[in-house]
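Structure first, commentary second.
Bear in mind these aren't lab numbers, they're just calculated from the coordinates by the rules spelled out. The structure displayed is predicted, hence computed values, not measured ones. Here the Cβ is made from the backbone with ideal geometry for all residues, glycine too, and neighbour counts use every protein chain on show.
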Amino acid sequence: MIFRLGTRGSPLALTQAGMTRDALVAAHPGLEVELVTVRTTGDRVQDRALAEIGGKALWTKELDRALLDGEVDACVHSMKDVETIRPAEIAIAAMLPRADVRDRLIGAASIADLPPGAIVGSSSPRRRAQLLRLRPDLRIILFRGNVDTRLAKLAAGEADATLLAAAGLDRLGRHDTGQAIPIDQMLPAPSQAAVGIEVRAGSPAAPLVAAIDDAPTSKAVLTERAFLAALGAGCHSPVGALARIVEGGISLRAQLLAEDGSEAVEGEQQGADGATVGAALARDLLGRAPESVRRLFGG
C-alpha cells in the first residue's frame, strides 16, 4: 500500500516529514510512504503576526481539510504550531523523540551581550516578553518566515539578532548556528522541539502510526498541552512551559508573562498524571498572576 503523509512545504517541515517517513518504513518494512505537500495560509502570509490573522490554525486548517477529505492518511506537524483544542475527528497518533527544546540566539554571544537598544527580530509573543523582561531596552520587531528567510533578514541588517528553535536548526543541519539560551533564562514554548503525527480518529492509519510513538515525548507534550488548555491560552498569550519525566511521574515548570515582560509569574508542579499536573499548575499561576498577566489568559 502507499501511505500518504501530509506536510507543509517548508524545508524544515519536509525534513520532519522525511524523519516520520523513515520511522514508519523502519517500523513497517515494505510500506511505501508518499509525501504530499500542502500549502498553508501561514506559509503564504508572511508580513503579519499569526495572532493578527487567525493564529495557529493558519498552519493546520489546510492539512486538516486534506486529512478529513481522505487526500492524505496522516499529517506531520511541529506540535508547538498545533492548536490546543483539535477537532474530534482528528487524533494525535504519535510523536517522534523530542529534540533540543532550547532557543538559540543568532547575532550575539548572549542576551547580555546585545548592545543597548539592539533590534531583535521575532514574531513570538513569548520570546518578545521574555527578552523584554531580561532586557527592557531592546526593540523587538516582527520577523516571520522559514529559517532561511529569517537568517537572510538578519544578514541584510534588518535586525541585530533573532531567536530560532535549536531543534529546527539542528534538523536542518545548522548545528553551529547561534548560541543556546539556558532553560533557566528562557523557558521554551509548550511543545517546542516535538514532531507529532495526526490521523483521522479510528482510521486504519491510527495503529500503524502509533507504532512509532515515543512515549516519554508524548507524555511530556500532552502535559504541556493540558496546561495550555486549562489556561485558555491563545496566540497573544506569552507563556513558556516544559514538562520532564521524573521518578514517580511528571514535572511541569511554566511561566506566564505580561506582553511587555514587565511582570511575570512562575511555578512548578509534579505528579503522576500529566493532565492533572497541567490543570493544577494553571490554577496556581492564574491565582497568583498580576492583572497585566491574567487578562491575557482565559480566552
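Structure above, values below:
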{"read-out": "Label-point separation, A272 to V246 (7 Å along Cα→Cβ), nm", "value": "1.7 nm"}
{"read-out": "Cα-only Debye scattering, the chain: base-10 log of I(q)/I(0) at q = 0.11 Å⁻¹", "value": "-0.65"}
{"read-out": "Cα gyration tensor, region 50-209 - rounded (a/c under 1.5), prolate or oblate", "value": "prolate"}
{"read-out": "Surrounding net charge for A23, when Lys and Arg each add one and Asp and Glu each subtract one, Cβ distance under 12 Å", "value": "-2"}
{"read-out": "Rough spin-label spacing in nm, given labels placed 7 Å along Cα→Cβ, for V36 and D148", "value": "2.6 nm"}
{"read-out": "Label-point separation, A156 to A180 (7 Å along Cα→Cβ), nm", "value": "3.2 nm"}
{"read-out": "Reach of K61 by Cα under 14 Å, taken over aspartates and glutamates that are not fewer than 8 positions away in the same chain", "value": "D43, D69, E71, D81, E83, E89, E198"}
{"read-out": "The chain: relative contact order as a whole-number percent, Cα under 8 Å and 6+ apart", "value": "20 percent"}
{"read-out": "CD proxy at 222 nm, helix term only [per DSSP H run n ≥ 4: -39500 (n - 2.57); per residue of the chain; nearest 500]", "value": "-10000 deg cm²/dmol"}
{"read-out": "Shape call, region 136-280: gyration tensor on alpha carbons, a/c limit 1.5", "value": "oblate"}
{"read-out": "Value of D in µm² per second that Stokes-Einstein yields for region 227-294, Kirkwood Rh from Cα pairs, at 20 °C (1.002 mPa s)", "value": "178 µm²/s"}
{"read-out": "Semi-axis lengths, Å, region 103-180, gyration tensor of Cα atoms, sqrt of 5 times eigenvalues", "value": "19, 13, 12"}
{"read-out": "Fraction of antiparallel bridges per DSSP, the chain only, in percent to nearest 5", "value": "70 percent"}
{"read-out": "Relative contact order computed over region 64-140 (Cα-Cα under 8 Å; 6+ residues apart), in percent", "value": "21 percent"}
